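Before I ask anything, here is the structure I am working with.
The values are calculated or read from the model by the stated rules, or taken from the named source; none is laboratory data. Predicted, not measured: the structure shown is a model, and the values here were computed from it. Methodologically, a virtual Cβ is constructed for each residue, glycine included, from the backbone with ideal geometry; neighbour enumeration extends over all protein chains shown.
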Amino acid sequence: MGIRRARRGRRGRDITEIASERIRILFERAAGAAGEKDPASSKRYVFLARALSMRYNIHLEPAHRRLFCKKCGSYLVPGRNLRVRLRPGLTVTTCLDCGSVSRKRTAPRATRARGNEPSPPQSPKAAGEESESD
Ligand SMILES: [Zn+2]
């Protein structure tokens, strides 16, 4: 659902492309800074990326959105500041910087250990990315 605001004529498209490119680069830098154990910098890159996405009305890719804490903006590194718990059909992640918990629905895995499970309805859009309504 691309919300494309037709405001200020037609300057929109190129700029959003450039902005998404910059967002991608910022997340790369955030990852790099996190790898160098520089959480302050990676947090800042995340902040800049989010600022761009809001300013240009670009939705962050799901791959990017799960990289940072929505509450405190920390770049999340599993095992360092992110705890991940998997449950059937659910991934629970806890930001260890601020303690905020987020649950994400995942497609339930077909368990064939027990023969009795009713087969879950496989709808293609089952994986629930929560959408930020604004
Ligand atoms: Zn947090």
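Suppose we keep only residues that are within 14 Å of the ligand (Cβ to nearest atom) and aliphatic (A, V, I, L, M) within segment 57-83. Which one would you say is surrounded by the fewest Cβ atoms within 10 Å (Cβ to Cβ)? Walk me through it before giving the result.
Taking segment 57-83 first, the residues within 14 Å of the ligand (Cβ to nearest atom) are 65-78, 80-83.
Of the ones still in play, those that are also aliphatic (A, V, I, L, M) are 67, 76-77, 82.
On the way: Leu67: 21, Leu76: 23, Val77: 16, Leu82: 19.
Looking at the filtered set, the residue picked out is Val77.
Kindly indicate whether any position in segment 9-22 is in contact (Cβ under 8 Å) with a residue 40 or more places away in the chain, among the hydrophobic types (A, V, I, L, M, F, W, C) and in a loop (DSSP other than H, G, I, E, B). Steps first, answer last, please.
Of segment 9-22, the ones in contact (Cβ under 8 Å) with a residue 40 or more places away in the chain are 15-16.
Then keep just the ones that are among the hydrophobic types (A, V, I, L, M, F, W, C); that gives 15.
Filter again for in a loop (DSSP other than H, G, I, E, B), leaving none.
Checked against the condition, which is being in contact (Cβ under 8 Å) with a residue 40 or more places away in the chain, among the hydrophobic types (A, V, I, L, M, F, W, C) and in a loop (DSSP other than H, G, I, E, B), segment 9-22 yields no hits at all.
Given the condition among the aromatic types (Phe, Trp, Tyr) and closer than 30 Å to Pro108 by Cβ, answer yes or no: does some residue in segment 71-79 qualify?
At the first step, the residues of segment 71-79 found to be among the aromatic types (Phe, Trp, Tyr) are 75.
Filter again for closer than 30 Å to Pro108 by Cβ, leaving 75.
Yes.
Give segment 96-112 a look and list any residue that's at pLDDT below 90 and among the small types (Gly, Ala, Ser), or say none.
Ala107, Ala110
Further question: Which numbered condition trips up Tyr45, out of (1) surrounded by fewer than 16 Cβ atoms within 10 Å (Cβ to Cβ); (2) within 16 Å of the ligand (Cβ to nearest atom)?
(1)
Let me ask something else about it. Can you say whether Leu26 is closer than 20 Å to Cys98 by Cα and surrounded by 15 or more Cβ atoms within 10 Å (Cβ to Cβ), as far as the supplied structure shows? Show your work before the answer.
Details: closer than 20 Å to Cys98 by Cα: no; surrounded by 15 or more Cβ atoms within 10 Å (Cβ to Cβ): yes.
Judged against the criteria, Leu26 is not a match.
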